[in-house]
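First up is the structure itself, then whatever we jot down about it.
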Amino acid sequence: MKITDSNLSHKELPHRFRLRLILAAVIAVCVSLSGCTTADSKQQKAQAAGSHSVSVAVATVQQQDVPVYLVGLGSVSAFYTANIKSRVDGQIMRVNFQEGQVVKEGDLLILIDPRPYQVQLEQMQAQLFKDQASLRDARLNLERYTTLIPSGSIAQQQVDTQKSTVDQLDGQVRTDQAQIDNAKLQLVYCNITAPFTGRVGLRQVDPGNIVHAADTNPMLILTQLQPIAVIFTLPEDQLPTVAQHMKNTSLPVEAFSRDDQTKLATGKLQTIDNQIDPTTGTAKLKAVFDNKDNQLWPNQFVNANLLLETRKNSTVVPTAAILRGPQGAFVYAVKQDKTVEARPITISLTQGNTTLITAGLNPRDVVVTDGQDKLQTGSKVEPRVGGPSNTGGGTNGGAPSGTPAS
């Protein structure tokens, strides 16, 4: 029996060993799966904790002086423009300018052959000399006839006839003198001079050409560039305000390029037109610029910014921070604990990238300027300074729209 029991024990030993191996393998797999689950859970918790704070761009509410501009589309107009034509017929002898040259008032531009008119002047002067001699002789005869009247040696009719002859010759002398003055004027017209200081354009004639007073095309165009004017338009509703401010001071006007990116010149508002265009509901305004650096050219399109006033110590925020909802305009303000709240505001004026606030914000408050679409009141944020540039205009200034959440 002992031998039998020992044999049974030896037979059960491999079976038990296999069970132990299987159990150990199962335990190892469970431990491994438990470790993976714990690691995944930690990673998910870390991701959840990281996504809890929203990265947003912020800006600080400022208090500063804000210039108020009225913007209108305009075009540059030369202060003076002259289409210079010939007033006499003749051949061009000399051209005394170069294209694009700046000439001064009184400078000789073109010389037309004056010799034919000089000959006419000499003929008129000779005729005057002849008629003056006849007038002197007639006056002497009149004096003789007059002295003979008391003696009765001459009839009164003959004296009267002689007096008429003197008057006729006197009229002829005056006519001769007028013709001489006209001939001298034609000589002056042969010398074409600059009527004002300006810039010469492209010339249309060359020396040797024959020009006529009846020609329709000018020989050259002279424009005054310094100073120069800008004619721009504003809505009729803004005219009373502009007129009121014009009474107190001279209003500055800034001319910008067509893309509104480059400032070209600064001038002063001169006047408002005397009527409103009924088709557009706008009125024309004229500003004058010194244009010392020749940045403005006639017929150039510009954006005219009229500085109406400067509002002192205004509370301003970037226009990109403004949102609009059913209750009106609001912003997301960042609190000390880095959470945000939707705060209603009152807008006074939107000027480009800057908006003036009259209620709802104080200087040094922090507002969100980018990333508002991911926020609601109580959201945790991770602020970063700066945000997308906003060049939009209008009441919303190009800012995204949204609804304040509670």
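The values are calculated or read from the model by the stated rules, or taken from the named source; none is laboratory data. All values reported here derive from a predicted model rather than from experimental measurement. Cβ sites come from the backbone with ideal geometry, for glycine too, and all protein chains shown count toward neighbours. The area values use the complete protein model at the heavy-atom level, side chains included, leaving out ligands, DNA and RNA. Shrake-Rupley method; radii C 1.70, N 1.55, O 1.52, S 1.80 Å.
Of all residues in region 279-303, those satisfying the criterion of being among the small types (Gly, Ala, Ser) and either surrounded by 17 or more Cβ atoms within 10 Å (Cβ to Cβ) or modelled with pLDDT of 95 or more (or both) are 283, 287.
Does residue 194 fit the bill of being touching a residue at least 24 places away in the same chain (Cβ under 8 Å) and out of contact with any Phe, Trp or Tyr (no Cβ under 8 Å at 6 or more places or on another chain)?
Working: touching a residue at least 24 places away in the same chain (Cβ under 8 Å): yes; out of contact with any Phe, Trp or Tyr (no Cβ under 8 Å at 6 or more places or on another chain): yes.
So residue 194 fits the description; yes.
Consider region 214-239 and keep the residues that are in a strand (DSSP E or B) and more than 16 Å from the chain's Cα centre (by Cα). The one that is farthest from residue 200 (Cα to Cα) is 235.
Of all the numbered requirements in (1) out of contact with any Lys or Arg (no Cβ under 6 Å at 6 or more places or on another chain); (2) surrounded by fewer than 19 Cβ atoms within 10 Å (Cβ to Cβ), residue 320 misses one, and that requirement is (2). I need the full set of residues from region 62-81 which are assigned to a strand (DSSP E or B) and either in contact with a Gly (Cβ under 7 Å, 6 or more places away or on another chain) or more than 29 Å from residue 282 (Cα to Cα) (or both), in order please. Result: 62, 63, 64, 65. Inside region 240-251, residues that are surrounded by fewer than 16 Cβ atoms within 10 Å (Cβ to Cβ) and in a loop (DSSP other than H, G, I, E, B) make up a count of 2.
Tell me, which residue of region 344-380 that is open to solvent by less than 60 Å² (accessible area, probe 1.4 Å) and of a type in the set (D, E, K, R) is farthest from residue 55 (Cα to Cα)? Looking at the filtered set, the residue picked out is 365.
Here residue 263 passes the criteria (1) more than 15 Å from the chain's Cα centre (by Cα); (2) closer than 23 Å to residue 78 by Cβ; (3) without any contact (Cβ under 8 Å) to a residue 40 or more places away in the chain except the one numbered (1). Against the conditions (1) outside any helix (DSSP H, G or I); (2) at pLDDT below 95, residue 41 satisfies every one except (1). Residues in region 70-86 include at least one that is of a type in the set (Gly, Ala, Ser) and either without any contact (Cβ under 8 Å) to a residue 12 or more places away in the chain or open to solvent by 30 Å² or more (accessible area, probe 1.4 Å) (or both).
Of the candidates 237, 215, the single residue that is modelled with pLDDT under 95, closer than 29 Å to residue 92 by Cβ and surrounded by fewer than 17 Cβ atoms within 10 Å (Cβ to Cβ) is 215.
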